[in-house]
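Everything below concerns the one structure shown next.
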Amino acid sequence: MRKDYNLEKRKFVIGGFIVVIVAIYLFKLFDLQILDDKYSEIAVSNARSTKITHPSRGQIYDRNGNLVVYNEPAYDLVLVPKDVQEFDTTTMCKILQLKREDFDLLWKNMSDPKKNKNYSATTPQPLVQNLDSTTYGRLQEILYRFPGFDISQRIIRRYNYIAAANILGDIREVNAEDIERDTDNYYIPGDYTGDLGVEKSYEKYLRGVKGKEILIRDARGKIKGRYNDGKDDVQPIAGKDLQLSIDIDLQCFGEKIMRGKRGAIVAIEPKTGEVLALVTSPSYDPALLVGKDRGKNYAKLVSDPNKPLFDRAIMAAYPPGSTFKPTQGLIFMQEGITNLSTSYPCYRGYINKGLKVGCHGHGSPISLQPALATSCNGYFCWGLYYMLKNHKYENLDSAFTVWKNYMVEMGYGYKLNIDLPAESRGFIPNAKFYNEHIGEGKWGANTVISIAIGQGEIMATPLQIANLSATIANRGYYITPHVVKQIRDVGILKEYTQKHQPSINREYYENVATGMRMAVTGGTCRGANLPGLEVCGKTGTVQNPHGRDHSVFMGFAPKEDPKIAICVYVENAGFGAQVAVPLGAMVLERYLRGESEEIESRASKWSDRWLEENPSVFEEEEVQQQLNPDTTAKPSAATAHNQSSGNPLKGLPLNREQQQAILTRPIGTIITRNGFNKG
Amino acid sequence: MVSTRDNNQDASNRLLASVDWFTVLLYVILVIYGAISIYAATTTSSSQVSMFDFDTYSGKQFVWIGLSFVIGFSLLLIDRRLYEAYAYPIYAIMIIILIATAFFSPNIKGSHSWLKFGAVSLQPAEFAKTATALALAKLFSTYGFQLRGWRTYIVPVGIILFPVLCIILENETGSALVYFSLIFVLYREGMSGFVLFALLCAVTYFVLVLKFAGTLIMGIPMGTFIVLTCVMVVIVIMLLIYCRSLILGRNVALGYIACALLTWILSLMGIHINGYVFFFTVIPLSLIYLLIGMFHDDLNKVLTTVIFAVVSIIFMFSANFAFNHALKPHQQNRINIALGIEEDLKGKGYNVNQSKIAIGSGGLTGKGFLEGTQTKLNYVPEQHTDFIFCTIGEEQGFVGTSAVLILFLTLILRVIAIAERQHTTFGRVYAYCVASILIFHLTINIGMVIGIVPVIGIPLPFFSYGGSSLWGFTILLFILLRIDAVRTEYGTW
């Protein structure tokens, strides 16, 4: 064959072509594999899947070691959509006790990515949550017939007592806002977080530390095994248990006797500031906010006109009424305005320059201790009048500022910072407030005189009132009230061990305590005179434009070495002596003498009788609120000069929670500006 | 005199001695490396499955390999003259099988390309390459056949296109494209190099127009701008090299430069000339000049240059249209991904991106045998077939990938060398067919895996899992070895 050497040269073109191609590919591979690090990093994140393992949430005990809140496994029916085959829907519906339409609806919701944001065909999707134990058992038996279905276990909160919902709170799934606000980067969608109560305030201790399992994941998201045989996994650390300072039995007792009433009971151990009971009424069963009906129940509680979610003990700002008087006695003595023997006249009231604040019959003139015992209005009005007029102060403003500072020292006007969310700060006016609302130079002692008897602008939470009681019991100091006695392995938080000491001498507290003892032995609190317990007390009857007066009792016992200080506040119940005093006495007795059948039956009887006499307290109030949506702003002595009194909130330097508290309008948070007091 | 028996003995001794054992060695290395890679692609180090377990892909591949050795050895025993004598009948039978497959085979993922024989499925298209190569070799070795004039192209192009049509009928476009690589054979046997050059230009222009369509320069798309500039450069180059006309080339080049400078100066002065205006003034003017000038020079070659320029421009404008209308959406996507126009890592670009991640994460020496994660965990699609190169890249690193490329390069260059040492046209043409097919498979498969060629589903020879592909390439290669083995025996036959 003749060789064509010209054409043979073309082998170089063809060979050259593939040499060039291989060279280009080698160059590209060199770039991909050696120069560019990006791909190794992606490969790592590609194939590893970190699965969070959840720690068990801390359990909650009461002060005596009774288990109050614990964890229990809950079972969900889940399915991996891709693995599900044709199945017997009739049997499935029968076991789940669902109608076919309901089942189809659940199925639709599960497989709709809009509703089920975590939807994936290859990972388990929840279909029915919180199976009851019988359904769970029956499902277990036949699950093998339903490929792709499985039962997954979760932990849910369980409650041993139908009580203390306001203290315990609840947990809920985190929302976008929680995740955004979370500076620890702890939460991921699907996590639970405390929503109310100590579940919220002690969230960081209760939740524990998450662990992680590093798994190997394939392209379809299927888990193929553990990375590095689990050597890099991190074990979760269980949440810390809480021991409440609450005596759960006393709490239950308090909730029982508050049935059918609106109001609060706060009981504090004076020496430690530990809250023994924090009752709000009406309340609810904490178990309502667990499980699949949580949303429904929550909405119901929110729309309930009696606001069971509103913790009246710490969120309601009420006029303290006559329970305020001891603070005034203390200030007057400390400021040298009065001494124990100073007497003021009171002829059925404080009558000064045409202003009259009524009072009831008692001897006149009267000194501090009898005034406390009889709850005399006149004494305290005169005291405040003489203090504000006193020339030892530069002017009215500075006199008022001195007065206000004492009030703040005693725990009024600001949050006490109890370890529960959404506490109200109450309200103590200052000179600036009156200068702005009435006008500089336009107000004087008589304009604001109603504050001397805990009315007018004064607002306090039952907690603040109880704290005053504890301060008097301690003869001059208090420890910030708190509901958690200790956190396991952590102990008690430092802020709940520090003493707060108002700058008032111990002897004046002693004087006031004696006056309060006199109220029990021979004054307005005779109903609380429990033999052998040396109860000291002070009643309050707070006038209220909505209807019956609020009934208030503040006290502690025994007089020497007190073990318990309480405040009972019952809305629209009448005279303090009528309702709050007997309730308070029962709580004191229940705590100091311990559980007995006698007191339980007495409490039940009392409670039943009260319910019979006041069957419709809730309904009545609803109607009234609807009829008089804006009766909250009766002109008072203070606002008489202020024409813009249409809006009770206007101009008040309230914080957000206070406004919230007022807007949600449980009875009693009304800013009563009436200077008349019947206590 | 030597006895007949001795003669036979001698003949087979001679045959064994003259088989190109180097190629056989390369072949054995490649198929074993392939089977090991398949094992690596489908097993993890923790699983205790044996490489030879028949339930694994690698176990099955070893069976295919064993049978391949039998086939290869048998092919060596067949008289070489039979291949030449039966080239056309083999081709005809293959075509019939292809057509039958297209119409009667079951639908597997949209393609009708598999024939089932009991437990074994085969893809006739893989074997049709050998048949086509034989037929083409036979045609060229026909006495007096030479590529001269366009009529002589009809039969060889027909031989190439017939199986292409059949395979397109089977809906296996990727496998059909392989046959276009046989253009290298036509080139070696006398087709004008100009065709290759034109093809190169066409591919380049197509890529440039699509890739740089997004930005504007002088008021026209960047891609169009670059291609038109290329057209001007090509005109000058063709005038200088192809037409060997220094004067015309110089004049045109100077004219272009002058116009470009003028436009640049005008733009500095604030007068912006639209790109189309510029190019469609300058290029036609130069072409008119050439048409006038050609009477003084080689008429045909200058005319070719002019026509080439005009066709280039028409092609450029129709490229977009063809892309949008002639290609199916998934094909457009694959091109867009390969050109980097579109980056859709979760959707259309997922496969190639994962494949790049797998290879890229291998580094210099790789993650180690069976230690790869990306391929085994199914991040890479078809990890034991078309994307087998990923496993090598991930577990053996750059060392492994370059070794594979060098092995293939060696094999291809060896085949070209074998081709050129043939004394017969039949042998040479067949060998070039083998080389061309290997070149195409290597270029497309590796290019696709590393993301610079659009995804076209064709296997990596000897590596990708599958009996058809392995057997197809074994037959292709061993027929060549048999033809080559007796090259010294006869000058002609």
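Taking a quarter of the surface of the Cα convex hull of the range B:75-163 gives a mean projected area of 7.7 nm². For chain A, the residue among A:L96, A:G491, A:V44 whose Cα projects farthest onto the positive side of the dipole built from Cβ charges is A:V44. Angle, helix B:154-169 long axis vs. longest principal axis of chain B, Cα atoms, 0 to 90°, nearest 10? Compared with the principal axis, the helix lies near 70 degrees.
Peptide A:11-23 is shielded by partner chain Cβ atoms: per residue, an average of 6 of them sit within 10 Å of its Cβ. Accessible surface calculations at 1.4 Å, restricted to protein heavy atoms, place the range A:72-156 at 61 Å² per residue. Each peptide in A:499-505, A:184-190 receives the mean, over its residues, of other Cβ atoms within 10 Å, and ordering these scores from highest gives A:499-505, A:184-190. Under the rule a/c < 1.5 gives rounded, and otherwise a/b versus b/c splits prolate from oblate, where does the range B:9-163 land using the Cα gyration tensor? Oblate, since a/c reaches 1.5 and b/c is not below a/b. Scoring A:575-583, A:292-300 by mean Cβ neighbours within 10 Å over their residues and listing the highest first yields A:575-583, A:292-300. Once both labels are positioned 7 Å from their Cα atoms along Cα-to-Cβ, the gap between A:S120 and B:K116 label points is 3.5 nm. Sequence-distant contacts, meaning Cα pairs under 8 Å at least 6 residues apart, place the relative contact order of the range A:72-156 at 58 percent.
For the protein assembly as shown, the Cβ-based charge dipole about the Cα centre amounts to some 1600 debye (Lys, Arg positive; Asp, Glu negative; other atoms uncharged).
Spin-label pair B:V310-B:S192: with each label point 7 Å from Cα along the Cα-Cβ axis, the two points sit 1.5 nm from one another. Taking the simple approach of a point 7 Å from Cα along Cα-to-Cβ for both B:F22 and B:I247, what is their distance in nm? If labels sit at B:F22 and B:I247, their model points lie 5.1 nm apart. Taking 0.36 nm per residue of separation and subtracting the Cα-Cα distance, full extension of the segment from A:E394 to A:Y414 would add 4.6 nm. For peptide B:364-375, the mean count of partner chain Cβ atoms within 10 Å of a residue's Cβ comes to 2. In this calculation the C-beta distance from A:N71 to A:K231 is compared with R0 = 30 Å, giving a FRET efficiency of 0.55.
Computed about its Cα centre, the charge dipole of chain A is approximately 1040 debye, with only Lys, Arg, Asp and Glu carrying charge at their Cβ.
Placing a label point 7 Å from the Cα of A:S364 along the Cα-to-Cβ direction, the residues of the range A:335-352 whose backbone N falls under 11 Å from that point are A:344-352. Under 5 Å from the amide H of A:L127 lie the amide H atoms of A:L77, A:V78, A:L79, each residue being 5 or more positions distant or on a separate chain, with H modelled from the backbone and absent for Pro and chain starts. For the range A:18-33, backbone nitrogen atoms closer than 12 Å to the point 7 Å from B:L200 Cα along Cα-to-C-beta are found at A:18, A:20-21. Annotation: aspartates and glutamates with alpha-carbon distance below 13 angstrom to A:K392 (same-chain offsets under eight excluded): A:E335. Accessible surface for B:Y153 stands near 50 Å², nearest 10, in the context of the full protein assembly shown (1.4 Å probe). The Cα trace of the protein assembly as shown gives Rg and Dmax of 48.3, 162 Å, the first to one decimal, the second as a whole number. When the P(r) of chain B is calculated, the portion above 32 Å amounts to 52% of the C-alpha pairs. Along the Cα-to-Cβ line of A:S152, 7 Å from the Cα, sits a label point; which residues in the range A:255-292 have backbone N less than 17 Å from it? Taking a point 7 Å out along Cα→Cβ of A:S152, the residues of the range A:255-292 whose backbone N falls under 17 Å are A:291-292. Using the Karplus relation 6.51 cos²θ - 1.76 cosθ + 1.60 with θ = phi - 60°, the per-residue 3J(HN,Hα) values for the range A:331-345 come to 5, 4, 5, 4, 7, x, 6, 10, 10, 4, 9, 4, 10, 10, x Hz, with x marking Gly and Pro.
The accessible-area loss of the range B:390-406 on complex formation, taken against its chain alone with a 1.4 Å probe, reaches 10 Å² or more at B:F398, B:T401, B:S402, B:L405, B:I406. When only the Cβ of Lys, Arg, Asp and Glu is charged (+1, +1, -1, -1), the dipole of chain B relative to its Cα centre reaches about 640 debye. Between the residues B:P284, B:F308, B:G368, the greatest Cα displacement towards the positive end of the dipole of the range B:265-400, with unit charges on the Cβ of Lys, Arg, Asp and Glu, is found for B:P284. Beyond 21 Å between alpha-carbons counts as too far, so tell me which of A:K353/A:K432; A:K200/A:K494; A:K499/A:K563 fall in that bin. Cα-Cα > 21 Å for A:K353/A:K432; rest within. Beyond 14 Å, what share of the Cα-Cα pairs of the range B:255-313 remains, rounded to the nearest whole percent? Beyond 14 Å sits 62 percent of the P(r) for the range B:255-313.
Taken along its three principal axes, the alpha carbon spread of the range A:402-495 comes to 58, 27, 20 Å, from the longest extent down to the shortest. In the frame of its principal axes, the range A:72-156 has Cα extents of 32, 30, 22 Å, reported largest first.
Cα centroid separation, the range A:510-568 to the range A:283-312: 33 Å.
Across the range A:1-147 the C-alpha pair distances fall into 5 Å bins from zero in the proportions 2, 6, 9, 11, 10, 8, 7, 7, 6, 6, 5, 5, 4, 4, 3, 3, 2, 2, 1, 0, 0, 0, 0 percent. Indicate the gyration tensor shape class of the range A:454-600 (rounded, prolate or oblate), computed on the Cα atoms with a ≥ b ≥ c the square roots of the eigenvalues: a/c under 1.5 is rounded; otherwise a/b larger than b/c is prolate and the rest oblate. Rounded is the answer for the range A:454-600, as its axis ratio a/c remains below 1.5. Take the Cα radius of gyration of chain A and divide it by 2.2 N^0.38 Å, N being the number of residues; the result is 1.29.
Pair-distance distribution P(r) for the range B:394-437, from all Cα-Cα distances in 10 Å bins starting at 0: 30, 35, 21, 12, 2 percent.
Placing B:W114, A:W403, B:W150, A:W382 in order of accessible area, with the largest value first and a 1.4 Å probe, yields B:W150, B:W114, A:W382, A:W403.
The convex hull built on the alpha-carbon positions of the range B:167-207 has an orientation-averaged projected area of 3.5 nm². Between A:F30 and A:S303, full extension at 0.36 nm per residue minus the direct alpha carbon distance yields a gain of 91.5 nm. Close amide H partners of A:C525, meaning residues 5 or more places away or on another chain with modelled amide H under 5 Å apart, are A:V520. What angle do you read, to the nearest 10 degrees and between 0 and 90, between the alpha-carbon axis of helix B:4-18 and the longest principal axis of chain B? On a 0 to 90 degree scale, this one is about 40. Looking at chain A alone, DSSP beta bridges between its own residues are antiparallel in about 95 percent of cases. Taking a ≥ b ≥ c as the square roots of the eigenvalues of the Cα gyration tensor, the range B:214-335 is classed as oblate, since a/c reaches at least 1.5 and a/b does not exceed b/c.
Using the Cβ-Cβ distance between B:L303 and B:A326 with R0 set to 30 Å, the FRET efficiency works out to roughly 0.55. Report the calculated FRET efficiency for A:D178 and B:V207 (r = Cβ-Cβ distance, R0 = 45 Å), to the nearest 0.05. Working from the Cβ atoms, E equals 0.30. Taken along its principal axes, the alpha carbon cloud of the range A:142-291 reaches lengths of 61, 41, 27 Å, longest axis first.
The values are calculated or read from the model by the stated rules, or taken from the named source; none is laboratory data. These numbers come from a predicted model, not from an experiment. Quick reminder, even Gly has a Cβ in these numbers, built from the backbone with ideal geometry, and neighbours come from all protein chains shown. Side chains included, ligands, DNA and RNA excluded: accessible areas come from the protein's heavy atoms. Shrake-Rupley method; radii C 1.70, N 1.55, O 1.52, S 1.80 Å.
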